[in-house]
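See below for the structure under consideration.
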Amino acid sequence: MDYIVFDLEWNQCPEGKDREVPLLPFEIIEIGAIKLNSERKITDKFHCMVKPVVYPKLHFRTKEIVKKTEEELAHGAVFSDAVKKFLKWAGSAAVFCTWGASDLTELQRNMKYYGVLNLLKGPLHFYDVQKLFAVNYETTKTRRSLEYGIDYLQLDKEKDFHQALSDAYYTAEIFQMINWDVVYAYDSIDAYQNPKTKIEEIHAIYNGYSKFISREFSNKEEALADKEVTVVQCCRCEKLARKKIRWFSVNAKNYYCVAFCPEHGYVKGKIRMKKTDEGRFFVVKTIKVSSEIEAEEVKKRKEAVVIRRRAKKNG
Ligand SMILES: [Zn+2]
């Protein structure tokens with residue numbers, strides 16, 4: 001097994017969001033990657049420039065950040081060749097690692113646009129090194145920049161940031177410092193290629209929380225009518241937990257609830273409603289260890305939502 005730590009640079013519509021191609025808001029222009037063996041020793045590297053086709057002109061922000069010119073990029077490979085080369089180099093036993101979760105999503109969105117998504121079967125288990133860094137050195141919730149991580153660990157900083165290969169290298173260096181216990185306990189799941197059938201649905205248990213990723217539904221109501229979506233099981237023992245506060249929504253996307261396990265106490269649930277590129281829906285549900293104090297906070301939140309909605313209704 002190899003760890004493939006990769007980083008992408010992308011461009012966006014230079015004329016602003018209104019003029020963008022909805023199926024490809026971010027066009028990949030560079031792929032950089034570092035290969036590590038199962039002991040996390042660096043064994044190889046990969047670098048490829050990609051010729052932008054959808055947005056051949058660079059957005060001014062892209063120019064500022066990645067420090068590349070249109071002329072340089074015009075000599076790049078076409079995306080489908082670049083990604084084929086990259087995946088061949090990565091090998092079939094690759095476990096991907098990235099800083100944050102967006103690179104893997106954008107890689108797949110670009111692959112879908114060019115009709116080569118079949119080369120990478122999802123949902124994908126991967127390591128979000130930004131999250132691992134947070135769990136290992138700070139708190140589970142903090143998210144820091146790559147440069148912050150390098151400074152924090154006092155690692156050498158002689159390479160430019162926002163170059164795909166050097167960012168991949170920096171990410172690999174941080175990944176090497178993470179405790180194995182943290183690595184094993186906190187893998188991530190990318191659901192860009194979300195489960196399509198009941199059999200493909202994902203149930204994952206982590207230290208202190210559990211995650212469920214549902215199959216697709218045609219609308220939100222259908223999703224919320226599904227028992228598997230709304231049931232709350234204790235994230236420690238998996239036994240059914242009794243709801244103390246039923247599911248309620250705070251906006252169009254997020255739903256919360258609180259339940260109680262007789263053995264392990266309070267757990268809190270969160271449902272995130274996800275929309276696919278095709279306009280269908282699936283659910284990511286997380287159940288976390290909680291406390292009476294947190295349960296009280298959720299209760300207050302629910303009451304605030306009820307008051308706000310009532311006020312709106314009464315004009
Ligand atoms: Zn329990």
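Brief remarks follow.
- Looking only at region 175-206, and only at residues there that are among the aliphatic types (A, V, I, L, M) and over 18 Å from the mean Cα position of the chain (by Cα), the one that is farthest from Glu238 (Cα to Cα): Met177
- Tallying residues that are surrounded by 14 or more Cβ atoms within 10 Å (Cβ to Cβ) and out of contact with any Phe, Trp or Tyr (no Cβ under 8 Å at 6 or more places or on another chain) within region 209-222 yields 4.
- Selected residue (criterion: farthest from Lys299 (Cα to Cα)) from residues of region 265-282 that are modelled with pLDDT of 95 or more and either within 14 Å of the ligand (Cβ to nearest atom) or hydroxyl-bearing (Ser, Thr, Tyr) (or both): Gly265
- Among the residues of region 73-86, those identified as loosely packed, with under 14 Cβ neighbours inside 10 Å and farther than 9 Å from Pro52 by Cβ are His75, Val78.
- Residues of region 201-210 that turn out to be assigned to a loop (DSSP other than H, G, I, E, B) and under 22 Å from Pro262 (Cα atoms), as a count: 2
- Lone qualifier among Ala259, Ala311, Ala304, Ala252 - being of a type outside the set (S, T, N, Q) and within 16 Å of the ligand (Cβ to nearest atom): Ala259
- Scanning region 98-108 turns up no residue that is charged (D, E, K, R) and under 14 Å from Cys48 (Cβ atoms).
- Qualifying residue in region 91-108 (condition: part of a helix (DSSP H, G or I), crowded, with 20+ Cβ neighbours inside 10 Å and of a type in the set (A, V, I, L, M)): yes
- Residues of region 163-189 classified as assigned to a loop (DSSP other than H, G, I, E, B) and either over 28 Å from Asn207 (Cα atoms) or among the polar types (S, T, N, Q) (or both), total: 2
- Selection status of Asp160, in contact (Cβ under 8 Å) with a residue 60 or more places away in the chain, in a loop (DSSP other than H, G, I, E, B) and farther than 13 Å from Val5 by Cα: yes
- Every residue from region 250-291 that is of a type in the set (Ser, Thr, Tyr), over 20 Å from Glu216 (Cβ atoms) and surrounded by fewer than 18 Cβ atoms within 10 Å (Cβ to Cβ): Ser291
- When Phe175, Phe161 are checked against the criterion of being surrounded by fewer than 19 Cβ atoms within 10 Å (Cβ to Cβ) and in contact with a helix residue (DSSP H, G or I) (Cβ under 7 Å, 6 or more places away or on another chain), a single residue qualifies: Phe161.
- All positions within region 223-248 that are surrounded by fewer than 13 Cβ atoms within 10 Å (Cβ to Cβ), of a type in the set (A, V, I, L, M, F, W, C) and more than 16 Å from the ligand (Cβ to nearest atom): Ala225
- Selection of region 88-131 for residues being farther than 29 Å from Met177 by Cα and in contact with a helix residue (DSSP H, G or I) (Cβ under 7 Å, 6 or more places away or on another chain) yields Asn110, Met111, Tyr114, Val116, Leu117, Leu119.
- Residue in region 137-148 that is crowded, with 20+ Cβ neighbours inside 10 Å and assigned to a helix (DSSP H, G or I) present: yes
The values are calculated or read from the model by the stated rules, or taken from the named source; none is laboratory data. None of these values were measured; they are calculated from a predicted model. Methodologically, a virtual Cβ is constructed for each residue, glycine included, from the backbone with ideal geometry; neighbour enumeration extends over all protein chains shown.
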